[in-house]
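The values are calculated or read from the model by the stated rules, or taken from the named source; none is laboratory data. Here the structure is a predicted model, which means the values were calculated and not measured. Note that we place each Cβ from the backbone using ideal geometry, even for glycine, and neighbour counts take in every protein chain shown. Ligands, DNA and RNA are excluded from the accessible area calculation, which covers all protein heavy atoms including side chains. Shrake-Rupley method; radii C 1.70, N 1.55, O 1.52, S 1.80 Å.
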Amino acid sequence: MSHSWKKILISPESSIIQALKIIDNEALRVALVVDENQHLAGVVTDGDIRRGILNGLSLDTAVSKIMNTTPITACVNTPKKELIKLMETRSILSIPLVENGAVVGLETLHHLFEQPTYDNPVFIMAGGFGTRLRPLTDNCPKPMLKIGDKPILETLIRSFISAGFNNFYISTHYMPEQIKAHFGNGKELGINITYVHEESPLGTGGALGLLPDCLPKDLPLIMINGDVLTKVDFQRLLAFHEENQADATMCVREYDYQVPYGVINGEGNKITSMVEKPIQRFFVNAGIYVVSPKVIQSVPENHKIDMPTLLEQHMQESDNILMFPIHEYWLDIGRMDDFNRAQADIQVLGLD
């Protein structure tokens, strides 16, 4: 996502010359016309301006006279490949990203084909016993179980590499020698891997206390469970965290639960309503976080704590713990059914 998209927002009353200056200054080749609630009213390109002038409009004319009122837009969480396909199919160079009708970003074809690099650390939790996947995990740590032709952990690391990350920390406990033998220091993958070993399980939050002091003091860290298969856009997740200057960001997933019975509401003995097998919707923890240095430094060495508890503690101090809903593919491989599903999914996800 372009980081300067807010600079190209203009009102319908803005003049053509104002739009021209924005298009020229920001080099995004487009201006987004929005109302007072930042809802998209239209877009203006240099081509729209040129056609307006050829039709006799002056540079003082309001952009509402020349803007495209039916622009192609995309949901903020649209995967990168779909955005590229949409832009190439429609022969356009940029797409406004919207959420509930409001502009929340702009993606450009140039930016999508760029390969940015990030110095932000990636911390992967790979120390679990995988008890529910026995006997597969009797002689193999769960993150090293193969999905397709690669261990889960390798698929996860390669997803981060594709997004431009190269600085990895892996927390180990159960059979760490298998993980170290497979990945080494990361040189073969063109990355750097540092191992953090838990002598006894410390929980996802407690592992933060074992990270070395040489971590960047000004960069947030992405943290993820080592048994997750996902197509989450890590670049967009990090950008969301940084734009909102959050202390921590938790990825959440919408979870539906259908009550298998008719639910009855009443007052005393009187029935007031009946709902047959209602569906309840919740946000659940997806096991992916972005954590600021402030939160990392708050965890003492060898202190046992899970991430939800750690974040609850920080919520009591500030209201700057955010959630990032994910709509992309996500699977926590915790049970045999999940493992079997992953074997089928990997063939069509483009992750193998």
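Laid out as a table, the results:
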item	result
Hey, Ile271 among the hydrophobic types (A, V, I, L, M, F, W, C) and over 30 Å from Thr230 (Cα atoms) or not	yes
When residues of segment 181-219 are limited to those that are under 21 Å from the mean Cα position of the chain (by Cα) and closer than 19 Å to Ile305 by Cβ, the one most open to solvent (accessible area, probe 1.4 Å)	Thr204
Segment 103-122: number of residues that are touching a Lys or Arg at 6+ places or on another chain (Cβ under 9 Å) and polar (S, T, N, Q)	1
Subset of segment 153-197 that is part of a loop (DSSP other than H, G, I, E, B) and out of contact with any Pro (no Cβ under 9 Å at 6 or more places or on another chain) - its residue that is nearest to Tyr289 (Cα to Cα)	Asn166
Members of segment 256-272 found to be in contact with a Lys or Arg (Cβ under 7 Å, 6 or more places away or on another chain), surrounded by 10 or more Cβ atoms within 10 Å (Cβ to Cβ) and at pLDDT below 90, listed by number	Val259
Helices (runs of 4 or more DSSP H) lying entirely in segment 17-120 (those with 3 or more residues that are under 24 Å from the mean Cα position of the chain (by Cα))	80-90, 109-113
Single residue of segment 300-327 satisfying the filter (among the hydrophobic types (A, V, I, L, M, F, W, C) and open to solvent by less than 30 Å² (accessible area, probe 1.4 Å)) that is nearest to Glu243 (Cα to Cα)	Phe324
Residues of segment 16-44 that turn out to be crowded, with 16+ Cβ neighbours inside 10 Å and touching a residue at least 40 places away in the same chain (Cβ under 8 Å), as a count	9
Where Val232 falls short, out of the listed (1) modelled with pLDDT of 90 or more; (2) among the hydrophobic types (A, V, I, L, M, F, W, C); (3) open to solvent by less than 20 Å² (accessible area, probe 1.4 Å); (4) over 26 Å from Pro176 (Cα atoms)	(1)
In segment 328-351, residue surrounded by the fewest Cβ atoms within 10 Å (Cβ to Cβ) [restricted to those that are within 14 Å of Thr155 (Cα to Cα) and of a type in the set (Gly, Ala, Ser)]	Gly350
Number of the exception - Asp247 against (1) at pLDDT 90 or above; (2) among the acidic types (Asp, Glu); (3) surrounded by fewer than 12 Cβ atoms within 10 Å (Cβ to Cβ)	(3)
Unique residue being under 22 Å from the mean Cα position of the chain (by Cα), modelled with pLDDT of 90 or more and buried (at least 21 other Cβ atoms within 10 Å of the Cβ) when the list is Ile161, Ile157	Ile157
